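The next block holds one structure in the form of C-alpha cells; read it before the comments.
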Amino acid sequence: MVEVKRKKNTFNDIVNKIGFPTIFIGGFWILLLIAGGALGISVITLLSDTIKRAGMNGILVLAMVPSIQSGTGPNFALPVGIVCGLFALVCSIEFGFTGWAWLFVAIAFAIPLAAFVGYLYGRLLNAVKGSEMTIATYTGFSIVAAMCLAWLMIPFKSPNMGWFIGKGLRETIQLDAIGGAQILSNFLRFSLFAEEGLIAVNSDTGIIIPTGMLLLFLICCVIVWLYFRSKSGIAISAGGINPKFAQSSGINIDRCRIKANVLSTILAAIGIIVYSQGYGYAQLYSAPLMMAFAAVAAVLIGGASAQRAKVSHVIIGVLIYQGLFTTALPVANQMFEGTDLSEILRMIIQNGIILYALTKVKGGDN
Amino acid sequence: MSDNLLRLINVSKEYSGNKVLKDINLELKKGQIHALIGENGAGKSTLMNILFGMSVIHTTGGFEGSIEIEGKTAEIKSPHDAMDYGIGMVHQEFMLIPGFTIMENIKLNREITKPNIVSRIFGKRLETLDIKRMNEDTRKALDVLDMSIEEYVQVAGLPVGHMQFIEIAREIDKTGLKILVFDEPTAVLAETEAANLLKAIKKLAGQGIGILFISHRLDEVVEVADVVTVLRDGELVATKNIKDTNKYEIAQLMVGRSITIDREEGRNRNIVDETILEIKDLHVAMPGERVKGVDIKVKKGEIVGIGGLAGQGKLGIANGIMGIFPAQGEVIFKGKKLPLNDPKSVIKSGIAFVSEDRRGVGLLLDESIEANIAFTAMQINDDFLKNFGPIKLKDSAKIRDHANKMIKDLDIRCTSSLQRVGSLSGGNQQKVCIARALTLNPELLLVSEPTRGIDIGAKKLVLDLLKQLNNEGMTIIMTSSELAELRSICDRILIICEGKVEGELPPDAPDAEFGLMMSGSANGRSEGREA
C-alpha cells in the first residue's frame with residue numbers, strides 16, 4: 001500500500017517537474033504519429049518535416065527567453081524583430097549579393113538594425129510597465145501594418161523582388177533566384193534511415209537532417225545560455241524575478257529590460273532570415289503578423305511560464321509544437337477528408353496554450 | 001445595567017497556535033469614551049476585527065469568549081451583522097469616492113428612494129432617488145458635527161480634516177448607531193483639525209453613543225477619554241479611569257515588558273570619536289513610513305538603534321539612505337557626500353543594507369543560497385566573475401567556496417548551498433540576507449527589523465551575530481519595532497515619531513521614557529510634571 005502511494009507521488013513529481021501541458025501535448029503528438037503510421041502515412045517523412053520546421057522556427061522561439069527572463073513577459077512584439085530581419089534580407093538582395101554572401105550580409109546588417117529598433121522598443125516597454133504584453137501585441141501588429149506601406153514604397157530595383165507591373169516588392173520573394181534557398185539547411189546535410197543506407201549524404205529520402213540550420217540554432221542557444229550565466233544576464237534574471245531585490249542591489253532595472261529586449265529583437269531578426277532560407281521564400285507584408293503567437297505557444301509548451309524560461313524549454317517546446325502541427329495536418333486530412341480541421345486544431349491548441357499560460361501569470365510586480 | 005452598551009467577555013484569539021489575544025474583558029457604557037492603547041502588535045486590530053466580524057477571524061477558526069451588546073449575547077459573523085448591531089467605524093484611511101458629493105458619499109448604498117413607473121415593473125433597484133430627503137439627512141448629520149460645509153460639494157479637493165468628518169457623518173447618519181470606533185483618527189490630521197475632531201467626539205459621546213478610541217497619542221487620550229485600557233502582547237495590562245492615572249503611568253504600562261533585558265556590559269567597545277555617517281534633514285517618500293527631516297550622527301564603531309511605532313517613519317531612514325525610496329537631504333559618509341537615490345554608488349561606497357522586507361526585497365526566494373549570497377557582490381564589486389575577453393561569466397566554484405564559508409561562519413542550517421532560499425526557516429533566511437550584505441565587506445551595516453518573523457532562539461543568534469560583527473569593527477544602524485532587542489545591543493536609541501527624531505535615549509532609560517517618546521509626548525511630559 002505504502003509502496004503504491006510512493007510510486008504515485010513520484011509520478012506526480014515528474015508531472016510537476018516537466019509540466020502538465022508539456023506532457024499532454026507531447027503525448028498527443030506521439031499519439032498522432034502512431035495514428036499516422038496506422039493510416040499509412042510515412043512516419044519518417046513526418047519526423048523529417050518536424051526537424052526541418054523545428055530548425056526553421058528555433059531561433060524565433062529562442063527570442064522569447066530574454067524577454068521573459070527580464071520580466072517583460074513573452075515577446076509578443078516578435079514582428080518588430082522579424083521585419084528588421086526581412087528588411088536586412090531584401091537589402092542584401094538589392095545590393096546584389098547571392099548565396100553565402102547574401103546570407104552573411106543579411107545577418108550582419110540585421111544585427112545592428114535590430115539592436116537599434118530593439119533599444120527603442122525597450123524604451124517603449126519601460127514607459128508602459130505593468131501592461132507590457134498588451135502593448136507588445138499591438139506594437140507587433142502596428143509595425144507589420146506600417147511595413148506593408150514601406151514594402152510598397154521602397155525604391156528597390158532588383159528584378160528578383162519587384163512586382164512584374166508597378167512599384168514595390170512582391171509578397172513572396174523566391175530565394176532560389178539568388179541561390180539562397182536552403183543554403184544553410186543544405187550545409188553538411190545528411191539523411192538517417194535513407195533508402196541508400198542508414199546514414200546517407202545527398203539523399204532526399206529518410207529523415208533529413210539540415211545540419212547547418214540546426215548548428216546555427218544550437219550556437220544561438222549556447223550563446224543565450226552563456227549570456228544568462230554572465231554578470232549582465234544574471235542581473236537581467238534577478239530584475240525579472242524580483243525587481244525590488246535587484247534595485248536594492250544597485251541594478252538599473254530599466255537598462256536590463258532594454259538589454260533583454262535588444263537581444264530578443266536581434267534573435268528574432270536572425271530567426272526570420274534562417275526561417276526564410278529554410279522555407280525558400282521570404283514572405284513580406286502581413287506574413288509576420290501572427291508569427292509571435294506560434295513562438296510564444298512553443299516556448300510555453302516547452303515548460304516556460306510567462307515569468308521563467310530556459311533554453312531547454314525552447315528546444316523541447318519547438319520540437320513538440322512543430323512536431324504536433326506537421327503531424328496533425330496530414331493525419332487530420334487523412335481522417336476527415338475534404339475538411340481543413342488541422343488548421344482549426346492548430347488555432348485551438350496554439351491559442352489555448354497561450355491562454356492557459358497567461359492565466360498562470362501572477363499579477364504584476366507587487 | 002441598561003447603560004452598559006458593550007461587553008467583551010474573556011475574548012481570546014489564536015492564529016495557527018499563536019495566541020494573539022488572551023482573555024480580554026472590556027466594558028463600554030453609553031456616552032463613555034474608552035481609549036484603547038498599545039504598541040503595534042499588541043492586539044488592538046485583532047480585537048477590532050473580532051468586533052466587526054471580519055472574515056480573517058472566521059476563516060482562521062473564530063475566537064473564544066463572547067460579546068454582549070446591551071446585555072444580550074451578540075453573534076457577529078460579518079461586518080454587516082456588526083452594522084445591524086449599531087457598531088460603526090471611522091477608518092484611518094478615508095474610504096470616500098472623490099468624484100461624488102458629500103451627500104452621495106454619506107448615502108452611498110443607503111439611498112432613500114421613491115417608486116416610479118419603471119421601478120413598479122422592474123423592482124426596487126430602479127426607484128428614483130429622493131435627493132431632497134437625502135440632503136436633509138446629510139445636513140442633520142453634518143450639523144451634529146458643527147460642519148457648515150454644503151452637502152452638495154464634491155469630496156475631491158477637500159482638506160483631510162473635512163474628509164475625516166465626512167466619514168464620521170456617514171457613521172452618524174446610519175440609524176441606530178450605538179457604538180463608534182475610531183482607529184487612530186488623528187494620525188493624519190493637523191493640530192487644529194485634531195482638536196476639532198476631539199471636540200466632535202466628546203459631543204457624540206454626550207448624545208449617548210459609546211466610543212472606542214484607538215490611539216497612541218497619549219496627550220489626546222488623557223484629554224478626551226474617560227477610561228483607558230492598555231494592551232500589551234495580546235494581554236490586557238490594565239483598565240483605569242483617566243482621573244486615577246497620568247500619561248507617565250500609561251506610557252510605562254504600554255512599554256513595560258516582563259522580558260528581562262540581558263545586556264552584557266563591559267565588552268571591549270572600540271567606538272572612535274570619528275563621525276562615520278552624518279544625516280542632515282533627510283526626507284524620504286516611503287509610503288506608510290514617510291521621513292520628514294531627520295538629523296542623525298553616527299560614530300565609527302557604534303551600534304545605533306532606531307525605534308518607534310509602525311508608520312512613524314523609522315523604516316524610511318535606511319531605505320532612504322540606500323536609495324530604495326526617493327529621498328532628499330544630505331547624507332555624508334566618511335566625509336564624502338553620498339549621492340541619494342542611487343543604490344549602486346551607495347553600496348560601492350561601503351554601506352550594506354539588510355531590508356525589513358526579507359521575502360519581498362531581501363531574497364530571491366526561488367534561487368539557491370549561493371546565488372543569493374553572491375549576487376550583490378557580483379553586480380557591484382565584480383567579485384565571483386571569470387573574464388573571457390569582454391564577457392564576464394560567473395565563477396561557480398568561487399561562489400560555492402564563499403557560500404560554504406558563510407554557511408559555516410553564520411551557522412546557516414541547510415542541506416547544501418544549492419538549497420532554495422524559500423525553503424529555509426525565517427531565521428536562516430535572515431542569515432542569508434546578512435551573509436549577502438557581509439559579502440560586500442561593508443564598513444557600515446544598516447539592518448532593519450532583523451528579527452521580524454523568526455523564533456526566539458534564532459532571534460538571539462541574529463542579535464549575537466550583530467554584536468560580534470560590531471566587535472570586529474563594523475558600525476551598525478539597527479532599526480527595529482522591538483524595543484527590547486534595541487535595548488539589548490544598541491549603544492543609544494533614537495526614537496522616531498511622525499517622521500522626525502523625537503529624542504535619544506540610552507538603552508537603560510526607564511520604560512516610561514520610551515513609551516512617552518514613542519507616542520510623541522516627551523516634551524509635554526516634562527511640562528506636565530513640573531506643573
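The values are calculated or read from the model by the stated rules, or taken from the named source; none is laboratory data. All values reported here derive from a predicted model rather than from experimental measurement. A quick note on method: Cβ atoms are made from the backbone with ideal geometry, for glycine too, and the neighbour counts reach across all protein chains shown.
Among the residues in segment B:369-377, are any surrounded by 23 or more Cβ atoms within 10 Å (Cβ to Cβ), free of Cβ contacts under 8 Å to residues at least 60 places away in the same chain and more than 10 Å from chain A (Cβ to nearest Cβ)? Checked against the condition, which is being surrounded by 23 or more Cβ atoms within 10 Å (Cβ to Cβ), free of Cβ contacts under 8 Å to residues at least 60 places away in the same chain and more than 10 Å from chain A (Cβ to nearest Cβ), segment B:369-377 yields at least one hit.
Kindly list, by first and then second residue, each pair from a residue in segment B:120-145 that is farther than 18 Å from B:K203 by Cβ to a residue that is of a type in the set (A, V, I, L, M) and part of a helix (DSSP H, G or I), limited to pairs with Cβ atoms under 7 Å and residues at least 6 apart or on different chains. Here the result reads B:L126/B:V118; B:M134/B:M103; B:N135/B:M103, each pair linking segment B:120-145 to a residue that is of a type in the set (A, V, I, L, M) and part of a helix (DSSP H, G or I). It is to be established whether one or more residues within segment B:384-405 are closer than 30 Å to B:F325 by Cβ and in contact (Cβ under 8 Å) with a residue 40 or more places away in the chain. The answer is no, given that none of the residues of segment B:384-405 is closer than 30 Å to B:F325 by Cβ and in contact (Cβ under 8 Å) with a residue 40 or more places away in the chain.
Just to be sure before I move on: is B:G62 under 28 Å from B:K202 (Cα atoms) and either more than 35 Å from the chain's Cα centre (by Cα) or not in a helix (DSSP H, G or I) (or both) in the structure I sent? Here the answer is no, as B:G62 does not meet what is asked.
Residues of segment B:336-361 that are within 7 Å of chain A (Cβ to nearest Cβ) and either crowded, with 22+ Cβ neighbours inside 10 Å or out of contact with any Lys or Arg (no Cβ under 9 Å at 6 or more places or on another chain) (or both): B:P343, B:K344, B:I347, B:F353, B:S355, B:V361. Residue-level check: of (1) over 17 Å from the mean Cα position of the chain (by Cα); (2) buried (at least 24 other Cβ atoms within 10 Å of the Cβ); (3) under 25 Å from A:L184 (Cα atoms); (4) not acidic (D, E), A:V61 misses just (1). In segment B:55-63, the condition of being under 21 Å from B:A225 (Cβ atoms), among the polar types (S, T, N, Q) and outside the structural domain of B:R133 (by TED's automatic domain parsing) is met by no residue. Residues that are surrounded by 23 or more Cβ atoms within 10 Å (Cβ to Cβ) and at the interface with chain B (Cβ under 8 Å from one of its Cβ atoms) within segment A:209-241 comprise A:I234, A:A235, A:A238, listed in sequence order. Identify, from the list A:L263, A:L319, A:L267, the residue that is within 14 Å of another protein chain (Cβ to nearest Cβ) and modelled with pLDDT of 85 or more. Exactly one of A:L263, A:L319, A:L267 is within 14 Å of another protein chain (Cβ to nearest Cβ) and modelled with pLDDT of 85 or more, namely A:L263.
Taken together, the residues in segment B:502-531 that are at pLDDT 85 or above and touching an Asp or Glu at 6+ places or on another chain (Cβ under 7 Å) amount to 2. When segment B:279-325 is filtered for residues that are in a loop (DSSP other than H, G, I, E, B), touching a residue at least 40 places away in the same chain (Cβ under 8 Å), hydrophobic (A, V, I, L, M, F, W, C) and farther than 25 Å from B:E39 by Cβ, only B:A285 remains. Is it fair to say B:L231 is over 22 Å from B:E70 (Cα atoms) and not in a strand (DSSP E or B)? In short, no. Could you tell me whether B:E235 is charged (D, E, K, R), surrounded by 14 or more Cβ atoms within 10 Å (Cβ to Cβ) and out of contact with any Lys or Arg (no Cβ under 9 Å at 6 or more places or on another chain)? For B:E235, the condition - charged (D, E, K, R), surrounded by 14 or more Cβ atoms within 10 Å (Cβ to Cβ) and out of contact with any Lys or Arg (no Cβ under 9 Å at 6 or more places or on another chain) - is not met. Among the residues of segment A:260-268, not a single one is free of Cβ contacts under 8 Å to residues at least 60 places away in the same chain and either charged (D, E, K, R) or in a helix (DSSP H, G or I) (or both).
In this structure, B:T46 qualifies as assigned to a helix (DSSP H, G or I) and touching a strand residue (DSSP E or B) at 6+ places or on another chain (Cβ under 6 Å). For segment B:320-330, the condition holds for at least one residue, the condition being that it is away from chain A (no Cβ under 11 Å) and either acidic (D, E) or within 30 Å of B:S417 (Cα to Cα) (or both).
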